[in-house]
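The values are calculated or read from the model by the stated rules, or taken from the named source; none is laboratory data. In this text the structure is predicted, and so the values were computed from the model without any measurement. Cβ placement follows ideal geometry from the backbone for every residue including glycine, while neighbour counts extend to all protein chains displayed.
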């Protein structure tokens, strides 16, 4: 099944295709930094017999140069000399390095390094440098994200998870890592059971009737409302919770009408979720399912391992009597959960024999690292417009050869911060089994919740009390039916963006304006969800997200569009780009880059790799979003200050055109390749 066509699926053209600059930008700045570290380490060994770490810093002020070395301070005690004297000695004797113009001693012993501007500009023009590449033995990174319960429509909180996870995947791939994207489907859990209760007990529907409903548009919306009704029914009729328990048992054992309805519901809702996420350019490699973890005996195998190695024990007495539990001593952190105090053991198997979902998560984590000795069967689920298939776990072979899934060397679980305790239990399970290396490489990529601004609630038609209207943000609850569905939010963003596009470009074809509005909406939403650090609670504001001014997606997109427009205007004049290689030799570059404004602009534009590296080191996609904004600010200043096409000096005009093209490349690479934000044709 191809991910285009009916329902809320969107055509691939609504998500921008790869730019002509789809390769990783060559990192000349990083190349020189590496050369400095290696050259100075070798020099210090030969000159002083010293093995000291060569740290390369960024000077606090641009006037101090491009790099700063504090190495003299590290040598001072060993050589029994003042740091400044050592720095002066090193600066006088250090070997020459390509691209380095001068070493200067500053303060009490810093060595500041100035680059050869002509060499640097020429190196960028020629594409010299290193594209990030993973070491041959780096292994595969598994990133699990989205993980929406397949019982109702996705909401804005799910979008933050998916956008963070997808962007982190893009960051890793841009850095040369091999990444597998997993979206875990909990198709046997309480949330699915509650929707089944609604269909089976409240609406008295047969499996065939549910199947017919599932074929209709917006089945996920229908289930959203039904889920809220069931929750309200439980509140008014607590005895009905027996229905939930019976349904859970039927689903886990794949027995009866309830299990059949659960299968229909979960599969149909997963289809809806995939449609929704593709609207934002988010795709997956494989969808492991909880049902197969049970039916293919993943949990049974993990349970035996946990018992055999003493990772869990059977409680003979106390509040956990009859349960299999994990001792609190295995936990690295102590965070209270809803049903356990920080000092308590964690129940893995309940006294009635059912496994808690943290137990199933332990089995799943073992499989991810290839530690379980078992595997799923797979079947192809659907094909994305670029030809990429997403596979789903299956109890039987799918008839088409599947790639090898799992067996990762690192695993990142993108799950909200409220699940920190349970994620720690999963890691504790690995550690208790003796898999210490894999425990260390199990990373909880946590994030805080998303709320809505009262203004956005009003725009979306969500009724608020007078008290809620005065709050800085309004929390949402799927169980209560209070919230904004992801597709409704995307639709509203497109609607508002199209109003702006229509007012600016009324003569453009309607289909074209819709495509541009969709790209702006996607950029607005993705950027808003990315610009905050992961531990920040977000109050999503629709108007702020869509603004063409300030730190927003449309502002950054507009800068990239402006860069393209320079080339478009050049073509409209009947001109072509000059031969940069022939006209901008190192001497010409040096003449133009002698202007401090141009030099600082070029330096800012050439540090995309540094921004990516810092973001990966911190696990913060917001660092790349911030870099994109700063790059857009720098380009907009350049665009306003220098009328490129009106420039009369031939060499300067050629240089300005090259700088505009370079900015365009860096902006498009950062937006489309790393942040997943399309660049529209116009704005």
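For segment 235-347, list the helices (runs of 4 or more DSSP H) that sit wholly inside it and hold at least 2 residues that are over 36 Å from the mean Cα position of the chain (by Cα), closer than 30 Å to residue 440 by Cβ and at pLDDT 95 or above; which are they? Talk me through it step by step, then tell me what you get.
Values: elements: 241-252, 256-278, 290-295, 298-308.
So the answer is 298-308.
Residue 104 passes all but one of (1) modelled with pLDDT of 95 or more; (2) surrounded by fewer than 17 Cβ atoms within 10 Å (Cβ to Cβ); (3) touching a helix residue (DSSP H, G or I) at 6+ places or on another chain (Cβ under 6 Å); which number fails?
(3)
So residue 420 clears everything in (1) part of a helix (DSSP H, G or I); (2) crowded, with 18+ Cβ neighbours inside 10 Å except one condition, right? Which one?
Checking residue 420 against (1) part of a helix (DSSP H, G or I); (2) crowded, with 18+ Cβ neighbours inside 10 Å, the one that fails is (2).
Can we say residue 267 is under 20 Å from residue 207 (Cβ atoms) and surrounded by fewer than 23 Cβ atoms within 10 Å (Cβ to Cβ)?
Against the criterion (under 20 Å from residue 207 (Cβ atoms) and surrounded by fewer than 23 Cβ atoms within 10 Å (Cβ to Cβ)), residue 267 qualifies.
Given the residues 610, 617, 646, which is the only one that is within 13 Å of residue 168 (Cα to Cα) and surrounded by fewer than 18 Cβ atoms within 10 Å (Cβ to Cβ)?
617
Based on what the data block shows, is residue 437 surrounded by fewer than 18 Cβ atoms within 10 Å (Cβ to Cβ), part of a helix (DSSP H, G or I) and out of contact with any strand residue (DSSP E or B) (no Cβ under 8 Å at 6 or more places or on another chain)? Step through it out loud before you land on a result.
Details: surrounded by fewer than 18 Cβ atoms within 10 Å (Cβ to Cβ): yes; part of a helix (DSSP H, G or I): yes; out of contact with any strand residue (DSSP E or B) (no Cβ under 8 Å at 6 or more places or on another chain): yes.
Yes, satisfied.
Can we say residue 399 is in a loop (DSSP other than H, G, I, E, B) and surrounded by fewer than 19 Cβ atoms within 10 Å (Cβ to Cβ)?
yes
Report, by residue number, each residue of segment 385-421 that is within 30 Å of residue 450 (Cα to Cα), modelled with pLDDT under 95 and touching a strand residue (DSSP E or B) at 6+ places or on another chain (Cβ under 7 Å).
If the condition is that a residue be within 30 Å of residue 450 (Cα to Cα), modelled with pLDDT under 95 and touching a strand residue (DSSP E or B) at 6+ places or on another chain (Cβ under 7 Å), then 420 is the only one that fits.
Considering every residue within segment 440-447, establish whether at least one is in a helix (DSSP H, G or I), in the same structural domain as residue 162 (by TED's automatic domain parsing), over 20 Å from the mean Cα position of the chain (by Cα) and at pLDDT 95 or above.
yes
Looking at segment 79-94, which of its residues are exposed (fewer than 13 other Cβ atoms within 10 Å of the Cβ) and touching a residue at least 24 places away in the same chain (Cβ under 8 Å)?
93
Might you check whether a residue that is in contact with a strand residue (DSSP E or B) (Cβ under 7 Å, 6 or more places away or on another chain), in contact (Cβ under 8 Å) with a residue 40 or more places away in the chain and within 15 Å of residue 149 (Cβ to Cβ) occurs anywhere in segment 228-251?
Within segment 228-251, not a single residue is in contact with a strand residue (DSSP E or B) (Cβ under 7 Å, 6 or more places away or on another chain), in contact (Cβ under 8 Å) with a residue 40 or more places away in the chain and within 15 Å of residue 149 (Cβ to Cβ).
Would segment 462-485 turn up any residue that is under 23 Å from the mean Cα position of the chain (by Cα) and part of a helix (DSSP H, G or I)?
No, the conditions are met nowhere in segment 462-485.
Please list, ordered by first then second residue, the pairs with beta carbon atoms under 6 Å, 6 or more apart or interchain, first in segment 384-408 and farther than 19 Å from residue 183 by Cβ, second in a strand (DSSP E or B).
Once the first residue is farther than 19 Å from residue 183 by Cβ and sits in segment 384-408, its partners that are in a strand (DSSP E or B) give 396/377; 397/377; 400/380.
Could you figure out which of (1) in contact with a strand residue (DSSP E or B) (Cβ under 9 Å, 6 or more places away or on another chain); (2) at negative phi isn't true of residue 483?
Only one criterion is unmet by residue 483, namely (2).
Here's the yes/no breakdown for (1) modelled with pLDDT under 55; (2) surrounded by fewer than 17 Cβ atoms within 10 Å (Cβ to Cβ); (3) over 32 Å from the mean Cα position of the chain (by Cα):
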{"position": "10", "(1), (2), (3)": "yes, no, no"}
{"position": "21", "(1), (2), (3)": "yes, no, no"}
{"position": "24", "(1), (2), (3)": "yes, no, no"}
{"position": "52", "(1), (2), (3)": "no, yes, yes"}
{"position": "57", "(1), (2), (3)": "no, yes, no"}
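One line per residue, one yes/no per condition, for (1) free of Cβ contacts under 8 Å to residues at least 40 places away in the same chain; (2) under 21 Å from residue 161 (Cα atoms); (3) in the same structural domain as residue 159 (by TED's automatic domain parsing):
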site	(1), (2), (3)
527	no, yes, no
530	no, yes, no
539	no, yes, no
553	no, yes, no
556	no, no, no
563	no, no, no
572	yes, no, no
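Output the residue which, of all residues in segment 216-230 that are closer than 20 Å to residue 259 by Cα and touching a helix residue (DSSP H, G or I) at 6+ places or on another chain (Cβ under 9 Å), is surrounded by the fewest Cβ atoms within 10 Å (Cβ to Cβ).
222
Which numbered condition in (1) modelled with pLDDT of 95 or more; (2) farther than 29 Å from residue 497 by Cα; (3) crowded, with 22+ Cβ neighbours inside 10 Å is the only one that residue 652 fails?
Residue 652 satisfies every listed condition except (3).
Out of 492, 485, 470, which single residue is surrounded by fewer than 19 Cβ atoms within 10 Å (Cβ to Cβ), in contact (Cβ under 8 Å) with a residue 24 or more places away in the chain and over 23 Å from residue 169 (Cβ atoms)?
Testing whether each residue is surrounded by fewer than 19 Cβ atoms within 10 Å (Cβ to Cβ), in contact (Cβ under 8 Å) with a residue 24 or more places away in the chain and over 23 Å from residue 169 (Cβ atoms) leaves just 492.
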